[in-house]
Amino acid sequence: MNDVREVEVVVIGAGQAGLAGAFHLRRSGFEPERDFVVLDHSPGPGGAWRQRWPSLTYGKVHGMHALPGMELTGADPDRPSSEVVTEYFEAYERAFDLRVRRPVDVKAVREGAGGRLLVETSDGTWSARALINATGTWDRPFWPRYPGQETFRGRQLHTAQYPGPEAFAGQRVVVVGGGASGTQHLLEIAPYAAATTWVTRRPPVFREGPFDEDAGRAAVALVEERVRQGLPPRSVVSVTGLPLNDAIRRGLADGVLDRLPMFDRITPDGVEWDDGRRVDADVVLWATGFRAALDHLAPLRLREPGGGIRIEGTRAAADPRIHLVGYGPSASTIGANRAGRAAVRDIRRLLAEGTGRPEPEPEPAAA
């Protein structure tokens, strides 16, 4: 295949995890386009942040950690986070000359000749000795299925399509989901809607007090254990609980966060429970999270019987050439940074062992 371009490493995705990986490749002496390439399917910088709803201002973002080597400073907390972070990512790509190729859709990653991987894309095929997969979850919103769902005469939408609270003015809204997005949506929508109802599968757990480093490590360890067993990862928030901040306290006090157990069916006019309770609704908003976007890796047969990809550190246990960053325990912004560094360290070792050549010496980061 004459049109196959060869590099040492392909990075798929240019969100936080992908850019962190690209930064550490660059810092280790790998040259963009010659030694590695970054492929991103979005039309511009920002990763999933480009899609965040306008009312999610930068001041409302929890735990946004800067990318390695360049702080995010002076951001207006009242500006939409989509604008702030997109501009930051764009400046970051320029500062470190990462030369992200976009929009490029990765269709499949397959076994190639000589132990190399073939990355088939909308922009041709790349051959690589290692892969950093940083495709995140935003492109795979999870929609639960319930009896009668197709009969509902109102509107159903997912967090990924959330337009902001004004769109729900005068409507009766059922919000499904006990995570941070669900509570944020409820608190925003309640002043505009005719009525809101909060429904979750499990009773929400609210966390008092500061979330310190030890608590963070313990939470990440629980997520990490799942991926070590080859199970699909759960979000870090699912094991940490929801922070009991002032907005949540107000929502609890005024009844907006009065949670009901999961309904049993959807009707043309709303939702119903087996005990006879019913709620009429114009909108069902599914704040039910996302799943890892990994379908392009299917030809490599990495999934375990439990449904997930078992990883050790960032390496796929079944194939040390494949590194998953921003997956499972590294899905937070600080976790993505650390995973990018760890993946590059392992890749340097893998490439050195495969060629007998010394590892490239790290170069100082750009200013």
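The values are calculated or read from the model by the stated rules, or taken from the named source; none is laboratory data. Here the structure is a predicted model, which is why all the values come from computation and not from measurement. Cβ: placed from backbone, ideal geometry, glycine included. Neighbour counts: every protein chain shown.
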- Out of (1) under 23 Å from the mean Cα position of the chain (by Cα); (2) closer than 15 Å to Val284 by Cβ, what's the single condition that is false for Thr151? (1)
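This table checks each residue for (1) at pLDDT below 95; (2) out of contact with any Gly (no Cβ under 6 Å at 6 or more places or on another chain); (3) under 19 Å from Tyr162 (Cα atoms); (4) not aromatic (Phe, Trp, Tyr).
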position: Phe30; (1), (2), (3), (4): no, yes, no, no
position: Leu39; (1), (2), (3), (4): no, yes, no, yes
position: Met64; (1), (2), (3), (4): yes, yes, no, yes
position: Asp76; (1), (2), (3), (4): yes, yes, no, yes
position: Val84; (1), (2), (3), (4): yes, yes, yes, yes
position: Tyr92; (1), (2), (3), (4): no, yes, no, no
position: Asp97; (1), (2), (3), (4): no, yes, no, yes
- Task: Go over the candidates Glu71, Glu31, Glu93 one by one and state the one that is of a type in the set (D, E, K, R), under 30 Å from Leu118 (Cβ atoms) and without any contact (Cβ under 8 Å) to a residue 12 or more places away in the chain.
- Result: Glu31
- Message: Which of the numbered conditions does Asp105 fail, given that it passes all the others? Conditions: (1) more than 20 Å from Leu19 (Cβ to Cβ); (2) under 22 Å from the mean Cα position of the chain (by Cα).
- Response: (1)
- Item | Matching entry among Leu98, Leu117, Leu131 (being surrounded by 15 or more Cβ atoms within 10 Å (Cβ to Cβ) and touching a helix residue (DSSP H, G or I) at 6+ places or on another chain (Cβ under 6 Å)) | Leu98
- Message: Given the condition in contact with a Pro (Cβ under 9 Å, 6 or more places away or on another chain) and either of a type outside the set (A, V, I, L, M, F, W, C) or closer than 23 Å to Gly15 by Cβ (or both), answer yes or no: does some residue in segment 266-273 qualify?
- Response: no
- Those residues of segment 292-328 which are buried (at least 19 other Cβ atoms within 10 Å of the Cβ) and not in a loop (DSSP other than H, G, I, E, B), in sequence order: His296, Leu297, Leu300, Ile309, Ile311, Arg315, Ala316, Arg321, Ile322, His323, Leu324, Gly328
- Task: Within segment 238-286, work out how many residues are surrounded by fewer than 19 Cβ atoms within 10 Å (Cβ to Cβ), at pLDDT 95 or above and of a type in the set (Gly, Ala, Ser).
- Result: 1
- Message: If I filter segment 208-215 for residues that are surrounded by fewer than 17 Cβ atoms within 10 Å (Cβ to Cβ) and either in contact with an Asp or Glu (Cβ under 9 Å, 6 or more places away or on another chain) or modelled with pLDDT of 85 or more (or both), do I get at least one hit?
- Response: no
- Which of (1) touching a Leu at 6+ places or on another chain (Cβ under 7 Å); (2) surrounded by fewer than 17 Cβ atoms within 10 Å (Cβ to Cβ) is the odd one out, the single condition Ala108 does not satisfy? (1)
- Task: Specify which of the listed residues (Tyr88, Tyr58, Tyr92) is more than 17 Å from Thr137 (Cα to Cα) and touching a Lys or Arg at 6+ places or on another chain (Cβ under 7 Å).
- Result: Tyr58
